[in-house]
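Read through the structure below, which is laid out as structure tokens, and then see the notes.
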Amino acid sequence: FCSFRGKTARVINYEEFKKALEELAPKRFKDKSKEEAYEAICQLVAGKEPINVGVTKAKTVGAVERLTDTSKYTGSHKERFDESGKGKGKSGRENIVDTSGYVSAYKNAGTYDSKVKK
């Protein structure tokens, strides 16, 4: 399809696709006329979607399996993942400082204003 799209284009439109089929049809169906070959190739692609051929599958063997198993992480690496093994994102990578003025284990944080009489 490279000869039917522009030099910088990564995709082709429908008209370019039809033009490509017209040129490829006689190569695929050598025993038929140009019009018959075009009709035959249109029947081949009718109702079909593009498929990803040769897409690399994720491997989970050997070292890859050990490295992706978050239950075996220790220390600060363990804090980067939740219980299900999904990453926490930025909160798992950086220490986010609580600047509320309360210690981390204090249960009544944020209730001072309601206790103080004005």
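The values are calculated or read from the model by the stated rules, or taken from the named source; none is laboratory data. Predicted model only: the values in this text are computed from it and were never measured. Cβ placement follows ideal geometry from the backbone for every residue including glycine, while neighbour counts extend to all protein chains displayed. These area figures cover heavy atoms from the full protein model, side chains too; ligands, DNA and RNA do not enter into them. Shrake-Rupley method; radii C 1.70, N 1.55, O 1.52, S 1.80 Å.
Note on Ile96 and Ile12: the model spin-label points, each 7 Å out from Cα along the C-beta direction, lie 4.9 nm apart.
Taking each of Lys7/Lys32; Lys90/Lys115; Lys7/Lys34; Lys7/Lys86; Lys57/Lys90 in turn, the alpha-carbon distance tops 30 angstrom for Lys7/Lys32; Lys90/Lys115; Lys7/Lys86.
Largest first, the residues Glu39, Glu16 sort by 1.4 Å accessible area into Glu39, Glu16. With θ taken as phi - 60° and the Karplus curve 6.51 cos²θ - 1.76 cosθ + 1.60 applied, the whole-hertz 3J(HN,Hα) list for the stretch 5-22 is 10, x, 5, 9, 6, 9, 10, 10, 8, 5, 5, 5, 5, 5, 5, 5, 5, 4 Hz, x standing for glycine and proline.
For the pair Lys72 and Glu36, what calculated FRET efficiency results from E = 1/(1 + (r/R0)^6), where r is the Cβ-Cβ distance and R0 = 41 Å, to the nearest 0.05?
Step by step, r from the Cβ atoms, then E = 0.05.
Among residues other than Glu16 with Cβ under 15 Å from its Cβ, the summed charge is +2 (Lys and Arg +1, Asp and Glu -1).
A simple packing score, the average count of other Cβ atoms within 10 Å per residue, orders the peptides 22-33, 78-89 as 22-33, 78-89, with the highest score first.
Rolling a 1.4 Å probe across all protein chains gives Cys2 an accessible area of roughly 100 Å².
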